[in-house]
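Chemist: Would you mind keeping the following structure in view while I ask a few things?
The values are calculated or read from the model by the stated rules, or taken from the named source; none is laboratory data. On a predicted model such as this, the values are computed, not experimentally measured, just so you know. When we count neighbours, we look across all protein chains shown, and the Cβ atoms used for this are built from the backbone with ideal geometry, even at glycine. Ligands, DNA and RNA are excluded from the accessible area calculation, which covers all protein heavy atoms including side chains. Shrake-Rupley method; radii C 1.70, N 1.55, O 1.52, S 1.80 Å.
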Amino acid sequence: MALTTAPDPTRRGPGSVRAHAERRRPGRFRHSEGLAGYVFLSPWLIGLMGVTAVPMLLSLYLSFTNYDILTPFSEVEWVGLANYERMFTADPSYWHAVRVTLTFALIAVPLKLAAALGVALLLNRAWRGVGLFRGLFYLPSLLGGSVALAIVWVNMFNRDGAFNSLLSLFGIQGKPWVNDPDWALETLMVLAIWQFGAPMVIFLAGLKQVPTELYEAASVDGAGRFRQFRNVTLPMLSPVIFFNLVLETINGFQGFTAAFVLSNGTGGPVDSTLMYTLNLYITGFTDLNMGYASAMAWVFLLAIAVITAIFFSTGRFWVHYSDGEDR
Amino acid sequence: MVTATPTADAPTGAAPTTRRRPGGRSVLRLLILVAIVAVVLYPLIWMIGTSMKSQEEIVNNVGLLPERFTPGNYTAGWSNFDVSFGRFFLNSAMVSLLTVVGNGLSCLLAAYAFARLRFRLRGMWFAVMIGTLLLPQHVLIVPQYILFRTLGLVGGEWPYLPLLIPQFLATEAFFVFLMVQFMRGVPRELDEAARIDGAGPFGIFRHIILPLSRPALVTTAIFSFIWTWNDFFRQLVFLSQLEDYTVPVALTLFIDSTSQSAVGPMFAMSVLSLLPVFLFFVAFQRMLVEGINTSGIKG
């Protein structure tokens with residue numbers, strides 16, 4: 001063993017042993033840190049492989065089969081692109097679900113963000129009690145996608161629910177909103193908008209970052225409140241608006257609980273609340289078409305990726321970062 | 001993006017416009033805010049009010065609050081099904097608390113590796129982790145169901161394993177990311193000092209990072225609890241026996257029974273189901289709002 005540790009005669013310089021040791025130490029440490037890195041990372045790695053990556057590959061495979069949970073894997077039939085073909089050409093309820101989801105996201109998300117920004121602007125002053133307001137506005141978001149809230153919502157927009165009794169105070173004859181195919185989705189939109197608290201809090205954080213000097217400068221230049229909002233607040237806030245827009249759009253596409261509760265898991269009345277994810281659930285777990293549901297899931301994933309990519313590529317034109325770095 | 005550490009103080013000094021003498025404008029502002037609060041709170045107060053109305057009053061009294069408070073809906077709802085609602089609450093509590101433990105532990109370990117240790121392919125793994133942030137759970141639910149079912153874990157001996165295993169494997173990338181951001185704020189000099197004292201990566205984790213990560217752990221714990229308590233989709237998919245149901249899944253049983261007489265009990269149980277989240281909210285209001293402020297957490 002002594003032989004291997006003997007100083008190498010070919011090594012240059014006099015203090016070669018020391019230089020050797022010093023060179024080795026950080027290297028050896030890095031090695032043990034590398035090992036430790038993987039030890040600490042191992043739960044995540046196992047999770048990534050077992051719960052995310054392998055299931056994703058499985059789902060990709062299943063999307064080319066007509067798998068139902070009851071057939072053993074060995075007898076699963078490979079159907080090629082049939083699921084995708086059916087989805088795009090022969091399944092009107094699929095396209096209906098796409099339309100419902102897009103309608104929901106296109107209307108509810110902007111209105112929710114507008115409400116969030118409006119209230120954030122109102123709350124962007126420090127006075128006693130502002131924290132209480134903030135908390136109260138955030139409360140609905142916190143109760144979020146809970147079944148209890150959805151139940152309350154459905155009952156509120158029932159024939160003899162609270163909303164109609166409120167209308168009757170003004171002499172307006174209400175209707176059973178949740179049972180009306182023309183209005184059921186709208187009641188879900190109102191629920192989503194009502195939960196404006198989460199983006200509001202993020203807007204508030206963004207508003208705090210706007211330097212006051214900018215307002216002072218604008219004010220000196222004779223800009224009124226509206227012009228200050230348009231030329232200072234909006235551009236300075238654009239990264240936060242962008243962040244909220246991406247987040248809320250993705251969330252909007254995934255709406256499930258309220259639609260499930262309103263329709264008792266059917267997407268009704270007359271498929272008016274058949275959100276994409278609800279359609280996927282029904283296909284996979286009620287009708288046991290798991291192959292077809294997997295194909296739907298993959299298209300959903302791609303759609304979200306494409307929409308996010310579109311956001312990021314158009315964001316360059318209207319999102320301003322104050323450090324001048326356009327990310 | 002709004003991604004500072006969860007405890008970082010917002011630069012309140014940057015907003016001197018904030019202190020003004022009260023004037024006509026502030027009164028108007030206050031009136032508008034009170035009006036919005038009324039709209040926001042109306043459904044919640046109506047829910048609580050209805051939960052205490054008698055069956056007769058639910059039909060006839062359209063007012064927000066009952067004329068006579070009756071607790072009957074609560075007792076009726078509690079034992080409305082073959083299994084008592086207490087059981088559902090216990091199930092939910094167990095799933096939520098174990099999720100808190102799982103997320104806290106596993107995400108902390110992963111975050112320490114990402115934030116502090118140098119190892120091969122770290123950058124790549126980190127990018128993968130960020131990528132999984134965007135992955136909707138609906139995409140994974142079908143294959144995960146098949147996987148867990150094949151392993152005999154769905155409706156098995158202990159039916160909560162499919163809900164809990166992913167949580168113990170740091171699959172909630174959001175919390176990993178939150179903790180990484182937090183740990184990056186912990187001064188590296190502390191690591192260096194510990195290293196000089198002879199501590200290795202494990203020692204540094206145990207004696208420096210773990211104690212200092214308390215705020216990030218608390219934020220993770222609060223949101224893990226609330227999200228799991230409110231979660232419906234996964235629990236709906238993985239739980240099939242009545243006695244295994246969690247509160248959200250049990251609540252949907254009321255919708256199945258379309259009889260009008262179930263409205264009162266249904267509201268009573270809805271109120272109770274929101275109570276734990278509400279209590280968390282009251283207890284941690286400040287932290288929650290600041291946690292979201294600084295990390296962009298979704299509610």
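Chemist: Among the helices (runs of 4 or more DSSP H) lying completely within the range A:160-277, list those that include at least 2 residues that are more than 29 Å from B:Ala38 (Cα to Cα).
Modeler: Result: A:212-220, A:225-228, A:234-253.
Chemist: Something else about it: Looking at B:Gln144 and the list (1) crowded, with 22+ Cβ neighbours inside 10 Å; (2) under 24 Å from the mean Cα position of the chain (by Cα); (3) in contact (Cβ under 8 Å) with a residue 60 or more places away in the chain, which single condition is not satisfied?
Modeler: With (1) crowded, with 22+ Cβ neighbours inside 10 Å; (2) under 24 Å from the mean Cα position of the chain (by Cα); (3) in contact (Cβ under 8 Å) with a residue 60 or more places away in the chain applied to B:Gln144, the lone miss is (3).
Chemist: Would you confirm whether or not the range A:311-323 contains a residue that is open to solvent by 20 Å² or more (accessible area, probe 1.4 Å), without any contact (Cβ under 8 Å) to a residue 60 or more places away in the chain and in a loop (DSSP other than H, G, I, E, B)?
Modeler: For the range A:311-323, residues open to solvent by 20 Å² or more (accessible area, probe 1.4 Å), without any contact (Cβ under 8 Å) to a residue 60 or more places away in the chain and in a loop (DSSP other than H, G, I, E, B): present.
Chemist: All but one of (1) open to solvent by 30 Å² or more (accessible area, probe 1.4 Å); (2) more than 19 Å from A:Ile151 (Cβ to Cβ); (3) not hydroxyl-bearing (Ser, Thr, Tyr); (4) not in a loop (DSSP other than H, G, I, E, B) hold for B:Asp82, so report the exception by its number.
Modeler: Tallying (1) open to solvent by 30 Å² or more (accessible area, probe 1.4 Å); (2) more than 19 Å from A:Ile151 (Cβ to Cβ); (3) not hydroxyl-bearing (Ser, Thr, Tyr); (4) not in a loop (DSSP other than H, G, I, E, B), B:Asp82 fails exactly one: (4).
Chemist: Regarding A:Asn66, is this residue of a type outside the set (Asp, Glu) and modelled with pLDDT of 95 or more?
Modeler: no
Chemist: Any residue in the range A:69-96 that is within 14 Å of chain B (Cβ to nearest Cβ) sitting within a Cβ distance under 6 Å of a residue that is surrounded by fewer than 17 Cβ atoms within 10 Å (Cβ to Cβ)? List the pairs, counting only those 6 or more apart or interchain.
Modeler: A:Ile69/A:Leu288
Chemist: Here's a follow-up. Could you say which residue among B:Val249, B:Val282 is surrounded by fewer than 21 Cβ atoms within 10 Å (Cβ to Cβ) and within 17 Å of the chain's Cα centre (by Cα)?
Modeler: B:Val282
Chemist: Among the helices (runs of 4 or more DSSP H) confined wholly to the range B:130-246, which include 2 or more residues that are small (Gly, Ala, Ser)?
Modeler: B:188-196, B:214-230
Chemist: Could you pull out the residue among A:Leu234, A:Leu185 that is away from chain B (no Cβ under 13 Å) and modelled with pLDDT under 95?
Modeler: So the residue among A:Leu234, A:Leu185 that is away from chain B (no Cβ under 13 Å) and modelled with pLDDT under 95 is A:Leu234.
Conditions tested, residue by residue: (1) aromatic (Phe, Trp, Tyr); (2) under 18 Å from the mean Cα position of the chain (by Cα); (3) more than 9 Å from chain A (Cβ to nearest Cβ).
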| position | (1), (2), (3) |
| --- | --- |
| B:Asn91 | no, yes, yes |
| B:Arg120 | no, no, no |
| B:Gly123 | no, no, yes |
| B:Trp158 | yes, no, yes |
| B:Leu161 | no, no, yes |
| B:Met183 | no, no, yes |
| B:Leu190 | no, no, yes |
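Chemist: Among the residues of the range B:58-79 satisfying the criterion of being free of Cβ contacts under 8 Å to residues at least 12 places away in the same chain and in a helix (DSSP H, G or I), which is farthest from A:Asp160 (Cα to Cα)?
Modeler: Selected residue: B:Thr75.
Chemist: Somewhere in the range A:77-97, is a residue of a type outside the set (Asp, Glu), closer than 21 Å to B:Pro162 by Cβ and part of a helix (DSSP H, G or I)?
Modeler: For the range A:77-97, residues of a type outside the set (Asp, Glu), closer than 21 Å to B:Pro162 by Cβ and part of a helix (DSSP H, G or I): absent.
Chemist: Separate question: Quickly run through the range A:40-60 and pick out the residues that are without any contact (Cβ under 8 Å) to a residue 24 or more places away in the chain and surrounded by fewer than 16 Cβ atoms within 10 Å (Cβ to Cβ).
Modeler: If the condition is that a residue be without any contact (Cβ under 8 Å) to a residue 24 or more places away in the chain and surrounded by fewer than 16 Cβ atoms within 10 Å (Cβ to Cβ), then A:Met49, A:Ala53, A:Val54, A:Leu57 are the ones that fit.
Chemist: Name the residue, out of A:Trp194, A:Trp298, that is over 15 Å from the mean Cα position of the chain (by Cα), within 11 Å of another protein chain (Cβ to nearest Cβ) and within 22 Å of B:Leu44 (Cα to Cα).
Modeler: A:Trp194
Chemist: Could you pull out the residue among A:Glu33, A:Glu77, A:Glu85 that is among the acidic types (Asp, Glu) and more than 25 Å from A:Thr286 (Cα to Cα)?
Modeler: The unique qualifying residue is A:Glu33.
Chemist: Could you tell me how many of the residues in the range B:46-88 are more than 21 Å from A:Trp153 (Cα to Cα) and basic (Lys, Arg)?
Modeler: Residues meeting the conditions: 2.
Chemist: Taking the condition of being open to solvent by 60 Å² or more (accessible area, probe 1.4 Å) and closer than 14 Å to A:Asn83 by Cβ, how many residues in the range A:286-301 meet it?
Modeler: The total comes to 1.
Chemist: Can you tell me which residue is farthest from the other protein chains (Cβ to nearest Cβ) among those in the range A:134-159 that are open to solvent by 20 Å² or more (accessible area, probe 1.4 Å), touching a residue at least 24 places away in the same chain (Cβ under 8 Å) and outside any loop (DSSP other than H, G, I, E, B)?
Modeler: Among them, the one singled out is A:Val154.
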